[in-house]
Structure formats: C-alpha cells, structure tokens
Amino acid sequence: MLNKIIIMGRLTKDPELRRTQSGTAVTSFRIAVDRDFKSQDGSKQADFFDVVAWRATAEFVSKYFTKGRMAVVEGRLQTRDWTDREGGKRVATEIVADNIYFGDSRRDGAGEFGAAPSYSAPMGGGYSAPPPMGGPSDFAEIGEEDGELPF
C-alpha cells in the first residue's frame with residue numbers, strides 16, 4: 001500500500017506549537033495550494049489542506065514558518081473520526097507531515113549564498129562527497145572536422 005502526498009503552498013496563519021500531556025511537540029496549520037487553472041471568470045482558486053507535524057518537525061515549523069510563507073510538505077494523508085460534545089459524528093482529513101521544506105527564499109537575513117535551509121527528520125551520520133574520479137585526462141576533446149556533433 002502507498003500513502004504519500006507532497007504539496008506546496010502558503011501557510012494561512014502562524015503555526016502554534018503545543019505539547020501533549022507527555023510533552024511531545026505538535027503543531028497544526030493550514031496550507032493554501034493554488035490550482036493550476038483559473039475558473040471560468042478568470043480568477044485563481046486554491047485548495048486548503050490541514051497539516052499536522054510532530055516532534056522536531058513541529059518545533060522547526062513553529063520556529064521558522066509564519067503566515068504567508070511558502071512550504072513544501074511531504075507526508076501521508078490521514079482520516080480521523082470522533083464524536084463531538086453534542087454527540088455528533090465528526091470526520092477530519094489531514095496531512096501528517098514527515099518532512100517540511102522552505103518553498104521560497106528566506107525573507108529576513110538570508111543565509112549563506114542567499115539560500116534558505118530545508119528540514120527533514122534528522123539522520124544518523126553526515127554526508128561526505130565522493131572521491132574525485134580523476135583528473136582532466138578523463139576527458140577527450142571532440143574535434144570539429146565537419147561541424148557535426150557525434151550525438
């Protein structure tokens with residue numbers, strides 16, 4: 001089975017960090033995703049999705065994202081149902097975020113090279129570049145005998 005969703009849109013309000021009774025960080029927010037087409041009257045329309053982030057991802061979102069900020073959310077779609085205080089059955093469909101990335105450049109005080117960092121769940125170990133494949137002798141010049149490219 002596969003349950004994976006990736007969306008890119010703007011936050012509709014500032015996310016608020018909360019904690020469960022056991023102290024686990026959680027934040028929820030809504031993201032507006034523009035549709036690729038315009039309506040018959042020429043106006044752009046958007047779809048609104050509820051997103052829930054847990055633990056380090058929740059803390060990251062609440063610290064670095066604000067209303068209007070573009071975000072790329074990668075996660076899974078989840079449906080919850082419950083009974084409200086009046087006894088009515090309720091259903092909510094939301095995205096449970098696994099990874100969240102910046103979808104735009106940093107607004108205030110851009111980082112190194114003007115790029116904004118992205119975040120995904122911490123991984124063990126670091127990344128090191130592969131060793132070089134060799135020197136300039138690995139490449140051969142292509143002559144221009146008849147002006148035709150070999151591919």
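What follows is calculated from the coordinates using simple rules that are stated; it is not laboratory data. Fair warning: this is a prediction, and the values are worked out from it, not measured in the lab. For neighbour counting, all protein chains shown are included, and Cβ atoms are generated from backbone atoms with ideal geometry for every residue, glycine included.
Side notes on the structure shown:
- Building the convex hull from the alpha-carbon atoms of segment 5-115 and averaging its projection over directions returns 9.8 nm².
- Near W82, once Lys and Arg are set to +1 and Asp and Glu to -1 for all other residues with Cβ below 15 Å from its Cβ, the sum equals -1.
- Using a cutoff of 8 angstrom between alpha carbon atoms and counting only pairs six or more residues apart, the relative contact order for segment 5-115 works out to 28 percent.
- Cβ-Cβ distance of K13 and K89, R₀ of 30 Å, FRET efficiency by 1/(1 + (r/R0)^6): the value works out to about 0.65.
- The modelled label-to-label distance for the pair D81/I5, using points 7 Å beyond Cα in the direction of Cβ, is 1.8 nm.
- Efficiency of FRET between V72 and Q21 - r from beta-carbon atoms, R0 22 angstrom, step 0.05: 0.10
- Residue ranges 3-11, 92-100 sort as 92-100, 3-11 when ordered by packing (mean number of other C-beta atoms within 10 Å per residue, highest first).
- Distance in nm between pseudo-label sites at R55 and A32 (7 Å out along the Cβ direction from Cα): 3.3 nm
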